[in-house]
Amino acid sequence: MQIKKYWNQSITNKLIIIIGIVWASLAILFAFYDLNISKAVVNQNSIFGKFFANFGELPGLFVGLISFFILSVNIKTSNKILKYLFLLIIWILTTILSLYFIAILLRILNLPLDFLSHLGYIPLLSAGMLTVLGMWIFQTKIKTFSIKNISIAKIGATLLSVSFIIVQILKTYWGRIRFQDLAIGYSNFTPWYSPQGNTGGHSFPSGHTMFALITLALILLVLNQKKWKKITVITIVIIWGLLVPISRVIIGAHYASDVLFSGGLTIMLFLFLYKKYYQN
């Protein structure tokens, strides 16, 4: 009876239930067929896979950065100490995202991440200055935002922060070896439901998929716009959100269950945040 009542309350609740059922069904399926799926589709020379390996995270990363910049303009407190503390926290978070952006650029340029060590503090200083510039532009040139846009920024920033933390913790301590790194004969393959601890494997779950689905926040920008705008944005977001995880399986960086879990996590969190910050 409670489920029926929850179902009838809103379309969002219906989506949460449907996605939960689909997610659970696929999780059971992939528990048996993860390895076979990867064996059938993996092509580590795939241009499609390489393209999204390089660029798949960028749209979600930019949505997160812009969300934090908007929030830096709209800190609602008369306490100056608290305000500067919140600004400092936002600056730290956006600097981390900017450093991640620099790491992505290195990957696109085929430079190893340890290349950063040769640059000393230059990447950190560059990221810090970049975020200061972004915050300054938003606070002095744009200044005002609608309640709707502030709500969307809260959703984007929270969605990225919470999803990123959960995904990174699981990556570290689940210890699943990527398909592309498996030993001959696949002897060190482990199913998704079997955490291995901190082994150095970072397959489960998929960070690219999480970043790709941060773009769900963009849909909220066009909910009350003309039909063609809604259809265009929603179509682009859905296609991007599907192509990125598919590409990660094809390139051998993740299994189907890896992208399922980070995708399900991000989508469900988005729906709950939508109910909290936007629906009403």
> If R0 is 22 Å, what FRET efficiency do you get for Y186 and V41 from their C-beta distance, rounded to 0.05?
Replying inline: 0.90
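Give me the Kirkwood hydrodynamic radius of the range 75-144, using the inverse of the mean 1/r over all pairs of distinct Cα atoms, in Å to one decimal. Intermediate results must be reported in sequence, preceding the final value.
Working: mean 1/r = 0.0735 Å⁻¹.
By the Kirkwood definition, the hydrodynamic radius is 13.6 Å.
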> Which three extents, in whole angstrom, do the alpha-carbon atoms of the range 24-77 cover along their principal axes, largest first?
Replying inline: 54, 31, 10
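Can you give me the relative contact order of the chain as a percent, contacts being Cα pairs under 8 Å and 6 or more apart?
On the way: 344 pairs, mean separation 84.3, N = 280.
Here the relative contact order equals 30 percent.
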> If we count every other residue with Cβ under 15 angstrom of G197's Cβ, Lys/Arg +1 and Asp/Glu -1, where does the sum land?
Replying inline: +2
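For Cα pairs less than 8 Å apart in space and 6+ apart in sequence, what is the mean separation divided by the residue count of the range 117-250, i.e. the relative contact order in percent? Could you put the intermediate results ahead of the total?
Details: 102 pairs, mean separation 28.6, N = 134.
Across the range 117-250, relative contact order equals 21 percent.
Could you work out the relative contact order of the range 75-144? I mean the mean sequence separation of Cα pairs under 8 Å and 6+ apart, divided by the number of residues, in percent. Could the numbers behind the result be given before it?
On the way: 28 pairs, mean separation 23.8, N = 70.
Worked out over the range 75-144, it gives 34 percent.
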> For the range 69-226, what is the largest minus smallest coordinate of the Cα atoms on each principal axis, given in angstrom and ordered from greatest to least?
Replying inline: 60, 43, 34
>> Roughly how far apart, in whole Å, are the Cα centres of the range 7-39 and the range 252-272?
In response: 10
>> Which of H208, H254 has the fewest other C-beta atoms within 10 Å, and how do the rest follow up to the most?
In response: H208, H254
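Go through 156-169, 255-268, 20-33 and give me the packing order, highest mean Cβ count within 10 Å leading. Mind showing how you got there, number by number?
Details: 156-169: 19.6, 255-268: 24.1, 20-33: 13.4.
Per-residue Cβ counts within 10 Å, averaged per peptide and sorted highest first, yield 255-268, 156-169, 20-33.
Between L15 and T199, what's the calculated FRET efficiency when r is the beta-carbon distance and R0 is 30 Å? Round to 0.05.
That gives a FRET efficiency of 0.25.
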> Which label marks the calculated value of P(r) over Cα pairs in 10 Å bins from 0, in percent, given the options (1) 7, 30, 30, 19, 11, 3, 0; (2) 6, 25, 33, 24, 10, 2, 0; (3) 8, 30, 35, 20, 6, 1?
Replying inline: (2)
> Exposure proxy check: Y278, Y6, Y121 ranked by fewest other beta carbons within 10 Å?
Replying inline: Y121, Y6, Y278
> Mind checking which of I239, I231, I184 has the largest fluctuation in a GNM of the chain, springs on alpha carbons under 10 Å?
Replying inline: I184
> Put +1 on the Cβ of each Lys and Arg and -1 on the Cβ of each Asp and Glu in the chain; which of I16, H208, G241 then has its Cα farthest toward the positive end of the dipole?
Replying inline: I16
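Is there a pair in K141/K229; K80/K276; K154/K276; K141/K275; K76/K141 whose C-alpha atoms are over 22 Å apart, and which pairs would that be?
Values: K141/K229 26 Å; K80/K276 27 Å; K154/K276 10 Å; K141/K275 31 Å; K76/K141 19 Å.
Going by Cα-Cα distance, K141/K229; K80/K276; K141/K275 fall outside the 22 Å limit.
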> Where nothing but the Cβ of Lys and Arg (+1) and of Asp and Glu (-1) is charged, how large is the charge dipole of the chain around its Cα centre, in debye to the nearest 20?
Replying inline: 1260
>> Could you list K50, K39 so that the one with the fewest beta carbons within 10 Å of its beta carbon is first and the one with the most is last?
In response: K39, K50
>> Can you find, among Q180, G197, T140, the residue sitting farthest towards the positive end of the charge dipole of the chain, where Lys and Arg contribute +1 and Asp and Glu -1 at Cβ?
In response: T140
>> Using a 7 Å offset from the Cα along the Cα-to-Cβ direction at both I28 and L109, what is the distance between the two label points in nm, to one decimal?
In response: 5.0
> Under a GNM of the chain (C-alpha, springs under 10 Å), which listed residue has the highest mean-square fluctuation: S126, S38, S187?
Replying inline: S187
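Readers should treat all values here as calculations from the given coordinates under stated rules, not as data from a laboratory. Remember, it's a predicted structure, so these values are computed and weren't measured experimentally. Neighbour counts run over all protein chains shown; Cβ positions are idealised from the backbone, glycine included.
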